[in-house]
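Data block below; observations after.
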Amino acid sequence: MRRNATCPLLALSIVTLLTNAGCRSGGIPLLNLFGVGKPLVVALVADEHASTGGNLLELFNPFAPYEPLRKALSEHMGRQVALDLCLPIQVKPNLGLGFYHLAMVSPVQYGQLGDRERFRVIAVSVDEQQRSARSGLLVVRHDSDVRAVQDLRGKKVAFGPARDARTHHAGLELLKRRGLAKSDLALELLPIPGSLRRFSDARSLARSVLNGSYDAGFIDEQAWEALPEHDEREGEPARDRLRIVAKTLAVPDRLIVCSPKLPEADGEKIRRFLLAAAQDHPEILRPLRLSGYQEPTGELLDACRRLTAKPGESAAAQDE
């Protein structure tokens with residue numbers, strides 16, 4: 001009887017370990033747990049609004065842009081490096097247990113991490129314009145009567161996707177900082193009453209502001225720079241048809257976070273590799289559309305924490 005009862009329990013334990021270890025079938029972190037191969041595991045955390053730069057193949061194979069980095073880091077460490085795709089909810093437990101040694105997270109995912117003093121940020125990505133952080137821009141029609149954030153009270157405002165750091169979270173943080181709550185805006189009636197209107201891409205959002213469907217909208221600074229200065233076509237987004245009212249907090253695209261189980265010497269070796277990538281391994285940066293990696297500053301990390309601070313809560317209070 002005892003032997004038969006043990007089998008389901010053992011099966012349940014294995015399933016639990018597989019589930020906690022990672023999202024992909026194959027369980028690379030599970031192998032790491034049992035000491036088989038001992039790869040250095042890097043988690044790529046799934047992001048609802050991950051940019052593909054127009055390359056749809058990246059939607060089906062998110063590992064491809066990171067493959068040059070994986071190979072170069074393997075050589076640098078003298079150890080196999082494995083990539084694993086992970087859901088945001090799995091980052092903290094898997095890093096804490098050492099199933100993952102590193103995780104590449106968005107500013108929002110970092111802000112939601114909790115107990116962040118346990119998880120050292122060793123580097124942040126630098127975009128192709130040499131910026132370690134960018135803002136979201138609050139834009140209106142060039143002839144709009146909206147001159148300040150406070151003028152948005154009762155207005156219809158367009159946001160980016162729900163998990164986007166700049167066009168959603170930083171946009172709401174800017175409103176809060178200027179004394180406005182979500183309820184102060186003219187919210188949607190459909191499909192969900194009281195919801196924010198979200199756009200999946202900057203051009204659609206800009207068009208909605210230009211045609212008067214919305215009074216203002218938040219777009220990524222990089223998307224703003226990609227708009228033409230002028231467009232002869234009626235209704236097409238162009239910078240001379242829009243006006244910037246305010247900027248949100250500036251945050252990075254990705255932060256590289258260490259597991260507390262990763263030996264300090266290994267963490268330092270990886271940190272040096274990333275910071276020297278622009279000079280020593282430029283080939284790993286091109287597929288990621290980056291110009292390099294930089295040291296995180298306290299100001300930058302504080303900005304990431306502020307994205308997910310609850311009403312009336314300071315960023316510092318989140319870590320207590």
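The values are calculated or read from the model by the stated rules, or taken from the named source; none is laboratory data. Here the structure is a predicted model, which means the values were calculated and not measured. Cβ placement follows ideal geometry from the backbone for every residue including glycine, while neighbour counts extend to all protein chains displayed.
Could you tell me whether any residue of the range 148-160 is within 23 Å of PRO252 (Cα to Cα), within 17 Å of the chain's Cα centre (by Cα) and either at pLDDT 95 or above or not β-branched (Val, Ile, Thr) (or both)? Yes: one or more hits.
For the range 123-147, the candidate set comprises residues that are within 25 Å of the chain's Cα centre (by Cα) and among the small types (Gly, Ala, Ser); within that set, the residue that is farthest from LEU300 (Cα to Cα) is GLY136. Look at LEU30 and say whether it is at pLDDT below 80 and assigned by TED's automatic domain parsing to the domain that holds ASP127. When the stated conditions are applied, LEU30 passes them. Do we find that GLN80 is touching a Ser or Thr at 6+ places or on another chain (Cβ under 8 Å), modelled with pLDDT under 95 and over 19 Å from LEU288 (Cβ atoms) in this structure? Considered against the rule, which asks whether it is touching a Ser or Thr at 6+ places or on another chain (Cβ under 8 Å), modelled with pLDDT under 95 and over 19 Å from LEU288 (Cβ atoms), GLN80 comes out as no. Look at (1) modelled with pLDDT of 95 or more; (2) out of contact with any helix residue (DSSP H, G or I) (no Cβ under 7 Å at 6 or more places or on another chain); (3) not assigned by TED's automatic domain parsing to the domain that holds LYS92 and you find that LEU242 fails only one, number (2). Looking only at the range 66-94, residues that are buried (at least 17 other Cβ atoms within 10 Å of the Cβ) and either assigned to a strand (DSSP E or B) or polar (S, T, N, Q) (or both) come to 7 in all. Among the residues of the range 132-151, the ones that are buried (at least 23 other Cβ atoms within 10 Å of the Cβ) and either among the hydroxyl-bearing types (Ser, Thr, Tyr) or outside any loop (DSSP other than H, G, I, E, B) (or both) come to 6 in all. Do you know which residues across the range 228-275 are surrounded by 14 or more Cβ atoms within 10 Å (Cβ to Cβ), farther than 30 Å from GLY298 by Cβ and touching a residue at least 24 places away in the same chain (Cβ under 8 Å)? Residues satisfying the conditions are GLU236, PRO237, ARG241, LEU242, ARG243.
For the residues SER213, SER200, the requirement of being closer than 20 Å to VAL108 by Cα and assigned to a loop (DSSP other than H, G, I, E, B) singles out SER200. If you go through the range 152-183 and pick out every residue that is on the phi > 0 side of the Ramachandran plot and in a helix (DSSP H, G or I), you end up with 0.
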